[in-house]
Amino acid sequence: MIIVLKPEATQSDLEHILKRIEEWGLRPHVSRGEHRTIVGVIGDEQKLQAQPLAALPGVEQVLPILKPFKLASREFKKSDTVIQVGRVRIGGGSLAMIAGPCAVENYEILDTIAAAVKAAGANILRGGAFKPRTSPYSFQGLGEVGLRILHDIGQKYDMPVVTEVMDPRQVELVNRYADMFQIGARNMQNFDLLREVGRTQKPVLLKRGMSATVKDLLLSAEYILSEGNQQVVLCERGVRTFEDSTRNTLDLSAVPNVKGQSHLPIIVDPSHATGRPDLIPSMARAAVAAGADGVHIEVHCAPEKALSDGPQALLPSQYAELMRELRRLAELLGKVIS
Ligand code: PEP
Ligand code: MN
């Protein structure tokens, strides 16, 4: 349910409403808009319907949230959510330009790549330390050593860093080194993991599962939000289809589709969506044109030697060229890259 407060409702009206809701064993989420405050009430629908919410002082209207996801829905919050990662803003007209290698391989290689993407205009550095590999014999990532390298290089280039966390038991460790958690496609429905990052106050980049619907993605975001962490950025990274000339099929319609249903920002990862450097620039431009709040791109200085996802990495020079185009496009659309 959504409780819309009267414009003249006072702070003590609000406190009274929150107290009552908690007494009924329900969970309130306050959202302060420019003109009004609304309170989302989450919990057992039957308990909710039994309470005289409309009779509370200061309440103007009580509305049901029709979508299965509540806190993530546009009904709950009309204005676009802006997520802050370090000094970088994502959403509401600010674009995230996330770039870096698939995996952190060693200090020197990440240093070279970070210097290049920073110079090209990227504002967040990525790099996996825990890698979800299809084969158990493939490079699995450097673990904590990789996290430390990523953190140090992020500091060196004054870039916040994002890295994948695969297991609830790793959350505390990754939290110490990263500015943003990444939940990968394979873990989008690892509900214990979603809950665990939901108990932190760190931004989360939640990637769409390869067979997940947009509704599934938003319900996964709901797991994080409902634990108290409101800082979720969604990521479209392609879904599995019968098409086999690309790694996945980029569902660009997910961008306006999500925006219609949710206030959360959504970015696009054309690297994992296509798996092909020749397609990445055009899909990145298309993503920004479609309203995405940023792009997430893998870059490597020696793709043929990369320990993971080398074939889809852009060279630093290709990334710099793409960034020149994206900056022009952003300007045309009235967006900023912070
Ligand atoms: C990655 O970002 O390196 C990755 C493994 O992505 P995804 O989870 O989208 O496959
Ligand atoms: Mn990768």
Listed peptides 158-168, 48-58 by packing density, highest first (mean Cβ within 10 Å): 158-168, 48-58
GluC sites (Glu not before Pro) restricted to the range 211-306 and DSSP loop, no more than 15 other C-beta within 10 Å: Glu227, Glu243
All lysines inside 19 Å of Lys156 as judged from Cα atoms, apart from same-chain residues fewer than 8 positions distant: Lys118
Pairwise centroid distance, computed over Cα atoms, of the range 131-146 with the range 176-241, Å: 20 Å
Those residues of the range 91-108 whose amide nitrogen sits under 14 Å from the label point placed on Val336, 7 Å along Cα→Cβ: 91-96
Over the chain: helical MRE at 222 nm, DSSP H runs n ≥ 4 each giving -39500 (n - 2.57), nearest 500: -10000 deg cm²/dmol
Whichever lysines have a C-alpha closer than 21 Å to that of Lys6, once near sequence neighbours (fewer than 8 apart) are set aside: Lys19, Lys77, Lys78
Inter-label distance, nm, simple model (7 Å from Cα along the C-beta direction), Phe139/Gln155: 2.5 nm
Inter-probe distance in nm under a simple model that places probes 7 Å from Cα toward Cβ, at Lys215 and Glu108: 5.3 nm
Gain on full stretching of the segment that runs from Ser317 to Arg169 - 0.36 nm per residue minus C-alpha separation: 49.5 nm
Per-residue SASA entry for Phe139, accessible area with 1.4 Å probe, Å² rounded to 10: 50 Å²
Expected-Rg normalisation [2.2 N^0.38 Å, Cα atoms] applied to the chain: 1.04
Estimated FRET transfer efficiency when R0 is 25 angstrom, pair Arg20-Glu227 (beta carbons, to 0.05): 0.65
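The values are calculated or read from the model by the stated rules, or taken from the named source; none is laboratory data. If you're wondering where the values come from, they're calculated on a predicted model, not measured in any experiment. Neighbour counts are summed over all protein chains in view; Cβ atoms, including those assigned to glycine, are modelled from backbone coordinates with ideal geometry. The accessibility values were calculated without ligands, DNA or RNA, using every heavy atom of the protein model including side chains. Shrake-Rupley method; radii C 1.70, N 1.55, O 1.52, S 1.80 Å.
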